[in-house]
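*Asks:* Okay, here's the structure, questions in a sec.
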Amino acid sequence: MRLIACVIFALGIVQSCTALALRDPLWMIIQEATGLFANIKVQPSNNRQHALLDGNGKNRSLNDIIRDVSEEDDLIDIKYVNLDPEKPKRSTPIHINALAMVKDHIDSATANIKVKYGFITLLNRNYDLCAELKTNLNKTCPVDKGPIEVNVDVDIPGFIPPGWFHLEATAWRDSDEKQLGRILADVKF
């Protein structure tokens, strides 16, 4: 599932994940099962891991599946992520529409994506967001301040195994490791 997902730089993250999904069948299954994860965060280095622990995070639902756990001073402010239908289903296409505000210039960025199926980690990997944006959204770095909107249609296959899928995605600017954003997603098939 080519989400926005990996969320434009946090939505760029959402978008990038969507693109990755189309290149790798297992990743496609995972992302589609995650419903986007859409958009997702992961095991970053220690200086980024505190978003859920220090109480400075937003910790707000973007929809029934995706939660924005970014810090208030992150470089991306996710305004919304809409899914249609609201809950992903096997063999059913899903439309993802998302909007984010980029607060500062971004020359290059990296996202760490972690996907779990139950307690099993299926994916824990870093991605070059600029390369993913160019490949999947025909956008290029640098990214300037301002709004970024994403519209993606994804076909969810019927062979996704039953159970819970959990996705974490964290993105950061490469030059200073300033966090762009962080999202979590959970979906049950």
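*Asks:* When only DSSP loop residues count, what trypsin sites (Lys or Arg not before Pro) in the range 136-173 have their Cβ near at most 12 other Cβ atoms within 10 Å?
*Replies:* Lys145
*Asks:* Each residue of the range 173-184 in turn: what ³J(HN,Hα) in whole Hz from Karplus with 6.51, -1.76, 1.60 and θ = phi - 60°, glycine and Pro shown as x?
*Replies:* 6, 5, 5, 9, 6, 5, 5, 7, x, 8, 9, 10
*Asks:* Using DSSP to call loops (not H, G, I, E or B), can you name the GluC sites (Glu not before Pro) in the range 84-186 whose Cβ has at most 14 other Cβ atoms within 10 angstrom?
*Replies:* Glu86, Glu177
*Asks:* If R₀ is 30 angstrom, what is the calculated FRET efficiency for the pair Asp84 and Asn59, using the beta carbon separation as r and rounding to 0.05?
*Replies:* Approximately 0.75, to the nearest 0.05.
*Asks:* Do the alpha carbons of any pairs in Lys89/Lys178; Lys58/Lys188; Lys114/Lys139; Lys79/Lys188; Lys79/Lys139; Lys134/Lys188 sit beyond 29 Å of each other, and which pairs?
*Replies:* Pairs exceeding 29 Å: Lys89/Lys178; Lys134/Lys188.
*Asks:* Nearest 0.05, what FRET efficiency do Phe119 and Phe159 give at R0 = 22 Å with Cβ-Cβ as r?
*Replies:* 0.55
*Asks:* List every residue whose amide H lies under 5 Å from the amide H of Thr92, counting only residues 5 or more places away in sequence or on a different chain, with H placed 1.01 Å from N in the peptide plane.
*Replies:* The list, which skips near neighbours in sequence, is Ile156.
*Asks:* Also, I was wondering about something else. Would you pull out the residues with amide H under 5 Å of Asn82's amide H, same chain only if 5 or more places away, H placed 1.01 Å from N?
*Replies:* Placed amide hydrogens put Asn97, Ala98 under 5 Å from Asn82.
Values quoted throughout were computed directly from the atomic coordinates according to the rules given, and no laboratory measurement underlies them. Remember, predicted model here, so these are calculated numbers, not experimental data. Note that we place each Cβ from the backbone using ideal geometry, even for glycine, and neighbour counts take in every protein chain shown.
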